[in-house]
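Everything below concerns the one structure shown next.
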Amino acid sequence: MASTTLSVHQKALRSTVVKKAVMAVTGLVLIAFLLMHMFGNLKIFIGPEAYNDYAEFLKQDLLAPILPHGWFIWIFRAVLLVCLVLHVYCAIVLWLASVEGRGKTKYVRKNRKEQTISSRVMRWGGITLFLLLVFHIMMFTTGTITPGWSGGLIEPYDMFMGAFSNWWVVLIYVVFMVVVCMHVRHGFWSAFTTLGANVGAQARVVLNVLAYFAAALLLVGFLLPPVAVLFGMVN
Amino acid sequence: MAATVKNSKTTTEAPVQASTTDPALGYYTPGTDIHDTKAPAGPIDKKWAQRQFTAKLVNPANRRKLTVIVVGTGLAGGAAAATLGEAGYNVLNFCYQDSPRRAHSIAAQGGINAAKNYRNDNDSVYRLFYDTVKGGDYRARETNVYRLAEVSPNIIDQCVAQGVPFAREYGGLLDTRSFGGVQVQRTFYARGQTGQQLLIGAYQALERQVNAGTVTMHTRHEMVELIVHDNRARGIVTRDMVSGKVESWYADAVVLATGGYGNVFFLSTNAMGCNVTATWRAHRKGAYFANPCFTQIHPTCIPVHGETQSKLTLMSESLRNDGRIWVPKKAEDCTKDPRQIPEADRDYYLERIYPAFGNLVPRDIASRQAKNMCDEGRGVGPLVTEVTQDGTKQQRRRGVYLDFSDAIERLGRKAVSDKYGNLFDMYEQITGENPYETPMRIYPAVHYTMGGLWVDYDLESSIPGLYVCGEANFSDHGANRLGASALMQGLADGYFVLPNTINDYLAAGPFEKVDDNTPEAAEALASASERINRLLDIKGSRSVDSFHKELGSIMWEYCGMERTEEGLQIAIKKIRALRESYWKDVKVTGVNEDFNQALERAGRVADFMELAELMCVDALHRRESCGGHFRRESQTEDGEALRHDDEYAYVAAWEFTGDGQKPILHKEPLEYEFIELKQRSYK
Amino acid sequence: MKITLKVWRQAEGEAQGSMETYQLDSVAEEMSFLEMLDMLNEQLTAQDIEPVAFDSDCREGICGMCGIVINGSPHGRYESPVPTTTCQLHMRNFHDGDVVEIEPWRAGAFPVIKDLVVDRTALDRIVAAGGYISVNTGSAPEAHSTPAPKLQADRAFDAATCIGCGACVAACPNGSGMLFTSAKVTHLANLPQGQPERRRRVKAMIAAHDANGFGGCQNIGECASVCPKQIPLESIAQLNRDLIASLFRADGKSA
């Protein structure tokens, strides 16, 4: 449809602000997922049984018997996938708008004081995240990459222990988590602002503090288990 | 009841000290008087209603067939263009800036007067009318001023409805304050940015019409010629400041709302681009120029810092409420740190000369005395090079102290900061000096021009179909404008007056079609291009700015705060010589077909050169002091301005007769039917 | 003092330009930045070099006409101790021997006309789309018929002080005009008179913002940091709230 035939309402629905709002909502869902995921990972410290049971529970028993056994995980995956696709789609469209917005000629000299590194690496960070996510899924979900164990999917606890006994896997995950942390740092604040929560100077401080907190929590929570495994503190 | 000019009692006091033969006669030709101003007869409070009723109307269905050109997008032009667009006319609107929101109305700080009487303090339309006529030193036309006061309450209503965020009290109603020595609180304000907020209101109304398709906006277009055909204003020639294209635009009527000409002095509080070209070109095509010598000089501006100064910045006059003005008693103290000068060596000259009013004397007196102190060699601040009347260069300090140390001691620093904090910050940003610690330095600067194109009651100039609004016309402020009245006049003209009078003219339209083949249009276009090429072809040795600065210093010296018969004649001679030199030696770089700021300025300065002479002739012929025009020969024993109502109670409307020809003076006698003429006193 | 200027020169109609170096030997610290450029232009004119084109008008920080990126920040924000427009930046903030780099606003929506002059009419088009209250002259009710709560009126005022200079766009890594747009939305949304058109206004202004080549907002905050009038960043959140809420209403569906 040609844009000239759109009503003001329709144009507003297709606007950058709505795309940002979609990114905000999907981003917050993904952050919520990360927090939950992180919480689950910490069960590694309790022991193999707790960890494997929890994984099994997620896959088979959550919301049963409201849902038949085994359904939840697919609904859950579908929701995450939809969120991810929408998030990435909007990011790409906004990125293109941004390239147009910046114009062709670059500043010879730039002096920017407000921007944080995390705010400036949202896009490249996002791409990195996506690649690492693929790696992560190929390892733990599909069993395509199997460092530290021999082939296919085995018990989650064993996969975890196997994978993170390799220093290079841990290193990749450190990178992964640092990027996640930075993405969440700016994304958390930006999402709430996009949804209108930045109502004043105080709110700005509160949102930013919360963003740092969420990011730090994820960083520590996610990195504790792999590092502990690498240094043999989990058995 | 009415005191007419003839039986005024105020004119017999002091003898005229000037020569008995009028030397100005050598510079102009007397012409016929002007009487018909289209104001209906009858009681003053019924005239406007009467005029609205008698004006011919244009059927709404026919309005879009009528084109109106509006030049300027400030309070007057923006408001007029928006309102005419709302009415359904086809409006073409032009401005030289990149956006209509940048017009210099935006810089007005203080406020806007309106006779709302929200304070229950005896205010009324009649009192605002009276104050404005009196403040204008009885050189304004009663009928126009009354109408201005009459529509003033509607302006506030209109602006509030547009979303102008006027200051409010906690209860949610509008706050007002008193301004400029008036005893009633009738000034509405929006912090220190009233002009900005009102202009944004008009700009939004204008953009709404742009969106509706009734107004077509042409930014970065400068009017360089007026097209008059069949004794009617029928269009303009513009230069597109981006591409250099010179082209013609045609319409059934032309409205000029192009502001004042204070930049003839080079240094003024006007914006860099403010110029006289549109009105001067119209003047050359037959529009009378009225009272060009009436310029307002504002006493509390930040002084000149040196030769590279490009413009002056005004600070609100309210500073004089708590600041004390002084200069050192001894010239040798002028370079000292003012804090080291003991109280006994300070001359609080306004308090000394005018004990009753002290630092709150009117603008012109405060300005003139500051100049006198500096002329005596007791000015402070950096040395500025000046050319004296005999042509030699001298160095003078041009500044006086405005000292808040007493106020800070008495009220505390916080109270002073609450009242004047933003002004102190502005001062510090510009001068780098902290006014809480060391006294401010101030000096007068040209601020507003009361003169402008002559218009009748309908705001129509002497060229039929050419209307003039806002500061560009001469109509409402007489010889001196009261504070917070410029915004009022601009919006009154643009929103309420012009849209109710121009229809009387347009009702006879659409007029005969005019196009590029019409001889007068072709001539206007050709002469505009020819003039541009002439400027480019001179390829002389001096920059446009250097000429402009020289013109400014001549005007400031001889036609500034104090004018004399001898000085004005010297000025005219110097201006003529400078103009001649300009057309031989100015250097304009670049080409026309480009964004060429040197060329833009060159055209404007060329017109200022012509206007400057007329200003001096006007100042020379008016052998009285009134408002912003002070003739040294016409003062009371106390050094106060002395009017001569028997001889000069008229509007001087000048007719252009050709380059190098004497202009013709038409007098419009000012009849004071309702207000009695009085001489003011501030002792 | 001596100042070395590196100035972006770009001929009209050319897509590219380059930095040219000029030397000024007697810059006084009282001069404003633009007076220093006036001085440069006088010097260039004397040398038969075409002067540097730059915009300025009121030179008292209110018209919004001037705008130059100085040493990487719009209006030289980080050369000045306080928020400023280019015209109110003074040379006392610089030192003898400094090298000062001067560039135009750079944004997709602001094509360069020549040297340091850009076309900012896109900002007018955003306002034209709906940044007003529809009230014809003469039809206004008495000013006191609608009281406006003071706190909200003050918020409206803070947003209304925007001068439309475009520094926010120039500073934004995305070339977004969101601070400008949100200032107008916030101004009118906080006044009782602005309520009837509030939903359609925000939709129309955002549509115009996006259609005029501005990028989206990433909530980075450079815009508010360089803003000479300190338009707060929360204006953007106000716009977002208004827009999202308005999507559930029919305003703007028919036109």
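Laboratory data are not the source of any read-out in this text; all were calculated from the coordinates shown. Just so it is clear, the model here is predicted, and its values are computed rather than measured. Positions of Cβ are generated from backbone atoms using ideal geometry, with glycine treated the same way; all protein chains shown enter the neighbour counts.
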Provide the net charge surrounding B:Thr518, with neighbours chosen by a C-beta distance below 11 Å and charges set as Lys +1, Arg +1, Asp -1, Glu -1. -4
Using a 7 Å offset from Cα along Cα-Cβ at B:Ala508, what residues in the range B:438-463 end up with backbone N under 18 Å from the label point? B:455-463
DSSP-defined beta bridges in the range C:3-103 - what % are antiparallel, rounded to 5: 70 percent
Could you give the Stokes-Einstein D for the range C:121-246 in µm² per second, using the C-alpha Kirkwood radius, 10 °C, 1.306 mPa s? 108 µm²/s
For the range B:57-156, radius of gyration divided by Kirkwood radius, i.e. Rg to Rh on alpha-carbons: 1.06
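Taking a 23 Å limit on the Cα-Cα distance, which of the listed pairs B:Lys38/B:Lys667; B:Lys56/B:Lys285; B:Lys371/B:Lys549; A:Lys113/C:Lys229; B:Lys393/B:Lys549 fall beyond it? The partial results should precede the final answer.
Values: B:Lys38/B:Lys667 16 Å; B:Lys56/B:Lys285 27 Å; B:Lys371/B:Lys549 19 Å; A:Lys113/C:Lys229 17 Å; B:Lys393/B:Lys549 15 Å.
Long pairs (Cα-Cα over 23 Å): B:Lys56/B:Lys285.
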Counting other beta carbons within 10 Å of each Cβ, put B:Lys584, C:Lys114 in order, fewest first. B:Lys584, C:Lys114
Give the Cα extents of the range B:298-447 along the principal axes, in whole Å, largest first. 48, 33, 30
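Report D for the range B:422-558 in µm² per second (integer): Stokes-Einstein, Kirkwood Rh on Cα pairs, 4 °C, 1.567 mPa s.
Numbers: Rh = 20.1 Å.
Taking Rh from Cα pairs, D becomes 65 µm²/s.
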For the protein assembly as shown, what is the percent of antiparallel DSSP beta bridges, rounded to the nearest 5? 70 percent
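Per DSSP H run of n ≥ 4, the term is -39500 (n - 2.57); total these for chain A, divide by its residue number, and report the mean residue ellipticity at 222 nm rounded to 500 deg cm²/dmol.
Details: 9 runs with 162 residues, N = 235.
Calculated at 222 nm, the ellipticity per residue is -23500 deg cm²/dmol.
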Hey, if you put +1 on the Cβ of every Lys and Arg and -1 on every Asp and Glu Cβ in the range B:308-377, which of B:Ser367, B:Tyr348, B:Leu314 ends up farthest toward the positive end of that dipole? B:Leu314
Counting only Cα atoms, I'd like the Rg/Rh figure for chain A, Kirkwood definition for Rh. 1.02
Leading residue at positive end of dipole, the protein assembly as shown (Cβ point charges), from C:Ile113, A:Ala163, C:Ser56: A:Ala163
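Using only the Cα atoms of the range B:605-677, build the gyration tensor, take square roots of its eigenvalues as a ≥ b ≥ c, and label the shape rounded, prolate or oblate: rounded if a/c is under 1.5, else prolate if a/b is larger than b/c, else oblate.
Values: a/c = 2.75, a/b = 1.53, b/c = 1.80.
Cα axes put the range B:605-677 in the oblate bin.
Among C:Val226, A:Val85, B:Val264, B:Val416, what is the fewest-to-most ranking by other Cβ atoms within 10 Å? Walk me through the numbers before you get to the answer.
On the way: C:Val226 28, A:Val85 11, B:Val264 31, B:Val416 21.
Sorted ascending by nearby Cβ count, the order is A:Val85, B:Val416, C:Val226, B:Val264.
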Between rounded, prolate and oblate, where does the range C:78-183 land on the alpha carbon gyration tensor, with a ≥ b ≥ c its root eigenvalues, rounded for a/c under 1.5, else prolate if a/b exceeds b/c? prolate
Which lysines, if any, have their Cα less than 19 Å from the Cα of C:Lys114, not counting same-chain residues under 8 positions apart? A:Lys104, A:Lys106, B:Lys245, C:Lys6
Relative to the longest principal axis of the C-alpha atoms of chain C, give the angle of the C-alpha long axis of helix C:234-246, reported between 0 and 90° and rounded to the nearest 10°. 40 degrees
Computed log₁₀ I(q)/I(0) - Debye formula, equal Cα scatterers, no solvent, the range B:535-668, q 0.13 Å⁻¹: -0.63
Residues of C:102-109, mean number of Cβ from any other protein chain within 10 Å of their own Cβ, rounded to a whole number? 5
If you average 1/r over every pair of different alpha-carbon atoms in the range A:99-235 and take one over that average, what Kirkwood value in Å do you get? 17.3 Å
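Using +1 on the beta carbon of Lys and Arg, -1 on that of Asp and Glu, and nothing else charged, what's the dipole of the range C:3-103 about the Cα centre, debye to 20?
On the way: 5 positive and 19 negative charges, 70 e Å.
I would put it at about 340 debye.
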Have a look at C:Pro173, A:Leu13, A:Tyr51 and report the one farthest towards the positive end of the charge dipole of the protein assembly as shown, computed about the Cα centre with Cβ charges (Lys/Arg +1, Asp/Glu -1). A:Tyr51
Taking loop as defined by DSSP and a crowding limit of 13 other beta carbons within 10 Å, which trypsin sites (Lys or Arg not before Pro) in the range B:486-581 fit? B:Lys513, B:Lys539
Of the trypsin sites (Lys or Arg not before Pro) in the range B:318-412, those whose Cβ has at most 16 other Cβ within 10 Å and which sit in DSSP loop: B:Lys329, B:Lys330, B:Lys336
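Semi-axes of chain C's equivalent ellipsoid from the Cα gyration tensor, sqrt of 5 times each eigenvalue, largest first, rounded to whole Å? Could you put the intermediate results ahead of the total?
On the way: eigenvalues 292, 73, 50 Å².
For chain C, the semi-axes come out at 38, 19, 16 Å.
Where does chain B land on the Kirkwood hydrodynamic radius, alpha-carbon pairs, in angstrom?
Values: mean 1/r = 0.0391 Å⁻¹.
Answer for chain B: a Kirkwood hydrodynamic radius of 25.6 Å.
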The pairs in B:Lys539/B:Lys573; B:Lys513/B:Lys584; B:Lys330/C:Lys2 lying past 28 Å Cα-Cα in this model are B:Lys513/B:Lys584; B:Lys330/C:Lys2
Rank the residues A:Met233, B:Met488 as a footprinting-exposure proxy: fewest other Cβ atoms within 10 Å of their Cβ go first. A:Met233, B:Met488
Let me know the Rg and Dmax you get for the range B:511-563 when you use only its Cα atoms, in Å. 18.4, 49
Placing unit charges on C-beta atoms (Lys and Arg positive, Asp and Glu negative, everything else neutral), compute the dipole magnitude of the range B:298-447 about its Cα centre in debye, rounded to 20. 180 debye
Simple spin-label estimate for B:Arg119/A:Lys113, 7 Å along Cα→Cβ, in nm, reads 4.1 nm
All-pairs Cα distance distribution in the range B:636-683, expressed in whole percent, bin size 5 Å: 5, 16, 17, 17, 15, 13, 9, 7, 2, 0
Helical segments meeting 24 Å axial Cα length and Kyte-Doolittle -0.5 threshold in chain A (DSSP H): A:16-41, A:71-102, A:122-140, A:167-194, A:201-230
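Nothing charged except the Cβ atoms of Lys and Arg (+1) and of Asp and Glu (-1): what's the magnitude of the dipole of the protein assembly as shown about its Cα centre? Round to the nearest 20 debye. Walk me through the intermediate numbers first.
On the way: 120 positive and 128 negative charges, 554 e Å.
Charge dipole, the protein assembly as shown, about its Cα centre: 2660 debye, nearest 20.
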Give the value in nm², to one decimal: projected area of the alpha carbon convex hull of the range C:166-208, averaged over all directions. 3.1 nm²
Shape descriptor, the protein assembly as shown: equivalent ellipsoid semi-axes (Cα gyration tensor, sqrt 5λ, whole Å, largest first) stand at 62, 32, 29
Can you give the three extents of the C-alpha atoms in the range C:3-103 along their principal axes, from longest to shortest, in whole Å? 34, 29, 23
